[in-house]
Every structure is written in structure tokens, then in C-alpha cells.
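The values are calculated or read from the model by the stated rules, or taken from the named source; none is laboratory data. Because the structure is predicted, anything quoted here is derived from the model rather than measured. Note: ideal-geometry Cβ built from the backbone for every residue, glycine included; neighbour counts use all protein chains shown.
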Amino acid sequence: MAFDDLLRRATALVRPGRRAVLGIAGSPGAGKSTLAERLVRELNGSGPDWVAHVPMDGFHLADVELDRLGRRDRKGAPDTFDAAGYAALLRRLREEPDGDETVYAPGFERVLEQPVAGAIAVPSAARLVVTEGNYLLLETGAWARVRPQLDEVWFCEVDEQERIRRLVARHEEFGKGHEEAVAWVLGTDQRNADLVARTRGRADLVVPVTALPAIRSGG
């Protein structure tokens, strides 16, 4: 499998008269966001943008709400997201847009570690939406509403030690000291990674790291 094969498979999801939604799942640090960004960039090329990127991370609950719920110490776990809101947005994106309607989605600011409302614009011209996140294949609670809104889900797979190295580097980049970063990665992040790994068998395609030679780090 080569990256060009992924481009062809993603393009084939689009059918006349409807918008397609491709999901990319995987454990934290597996390269989901890097793959999604590269797919969008390569598919759009130098022409008009017809592919949009809408990450799941915009549906993180804000820290103030996590504090209220007593969940901030495990931020990133399934119940620290608005899963129902994410599923509802995916359903809206799948619907054929009327006229020039733009759909706005929340983004996530990594420096602030906070969601940002209305940060991503998906124009009616977008015929393919690429979304990525840890829990696209989870079957519990409101997460079960996500998979039916996705035409396909690809699962990113990477060597476990490389995945951990990436995560530690990411946490350090955004302000954690080395020991704090390692503790978070081996604690909270690892519990989430183990949960995500168990959903691998539900994916339509497992993407090996060998198909992604340009990827060095990512979500």
C-alpha cells in the first residue's frame, strides 16, 4: 500500500449528489491529524478546495466544564468530549447543503488546550470531509452515533514506542516538563490508547506506517 492508493480510495468515496465523510481513527500519537492534513492538502492541490478537514478535537469540553464535572485530571478520555454534538455535526455535514450554505465547526487551540467555536468553515463546495479522532469506532454511549455518519473509517497503526515518543514530545512542546509529560502519556493517554486499540477490528482499512513515509509526528 502506498500513499497514492489512499488518495484514490478517498476520492472514490465521493458520489454525485452527496457529500462523503471519511473518518481516520487511531490511538493518541498514531499520526491521525498528520495523515488527514496531508490527504486534504494533496487532494485539493492547486485548484479550488473540494475537501475539508474537521477534527474531532473541537468537541473537547472546556476546562471550566471539566472542572465542574471533576474530570480535568483525565482530559482526553471519552467522557471529556461532547460526543453527541460531534455526531450531530457529522450528520449535518453528510446532508447535501442548500445553496451556498457554510457549515461552521469548532476547532481546538493546542496552545490554550481549549476548543474554539466556529473556527472551521466547511463551504457547500466541499464534497469530501475528512474527520479524525480517537473514538470514531467506539460503540458506547453517544459515540455509537458517530460511525453511521462515516462512509469509511481508516485506522492508523504505528510502532508503540514511536507513538509514545511522539506524545511525550507533543506534551513538552505545549508546556509540560519532561517528567510531567511522561507521567501523563503513560497514565491518562495510555488508558485511552488501550481503549482505542480495541476498536481496530471495526475499521474498514488499517493504514500501516509504511504507507506514510513523510509522517514524522502527529495526532
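General observations
- Residue within the stretch 115-129 that is touching an Asp or Glu at 6+ places or on another chain (Cβ under 9 Å), among the basic types (K, R), buried (at least 16 other Cβ atoms within 10 Å of the Cβ) and within 24 Å of E42 (Cα to Cα) present: no
- The set of residues from the stretch 72-96 being among the charged types (D, E, K, R) and farther than 15 Å from N134 by Cα comprises R72, D73, R91, R92, R94, E95, E96.
- Residues of the stretch 166-184 satisfying the condition of being assigned to a helix (DSSP H, G or I) and in contact (Cβ under 8 Å) with a residue 60 or more places away in the chain: R166, L167, R170
- When the stretch 14-52 is limited to residues that are touching a residue at least 12 places away in the same chain (Cβ under 8 Å) and basic (K, R), the one that is farthest from A125 (Cα to Cα) turns out to be K32.
- Only residues that are among the small types (G, A, S), in contact with a helix residue (DSSP H, G or I) (Cβ under 6 Å, 6 or more places away or on another chain) and outside any strand (DSSP E or B) were counted in the stretch 105-156, giving 2.
- Output for the stretch 53-78, where each listed residue is surrounded by fewer than 18 Cβ atoms within 10 Å (Cβ to Cβ), touching a residue at least 60 places away in the same chain (Cβ under 8 Å) and either among the acidic types (D, E) or within 28 Å of P123 (Cα to Cα) (or both): D73
- In the stretch 28-57, the qualifying residues are those that are in a loop (DSSP other than H, G, I, E, B) and in contact with a strand residue (DSSP E or B) (Cβ under 8 Å, 6 or more places away or on another chain), and the one that is nearest to D79 (Cα to Cα) is P55.
- Filter result (at pLDDT below 95 and either of a type outside the set (V, I, T) or farther than 17 Å from G23 by Cβ (or both)) within the stretch 199-219: P208, V209, T210, A211, L212, P213, A214, I215, R216, S217, G218, G219
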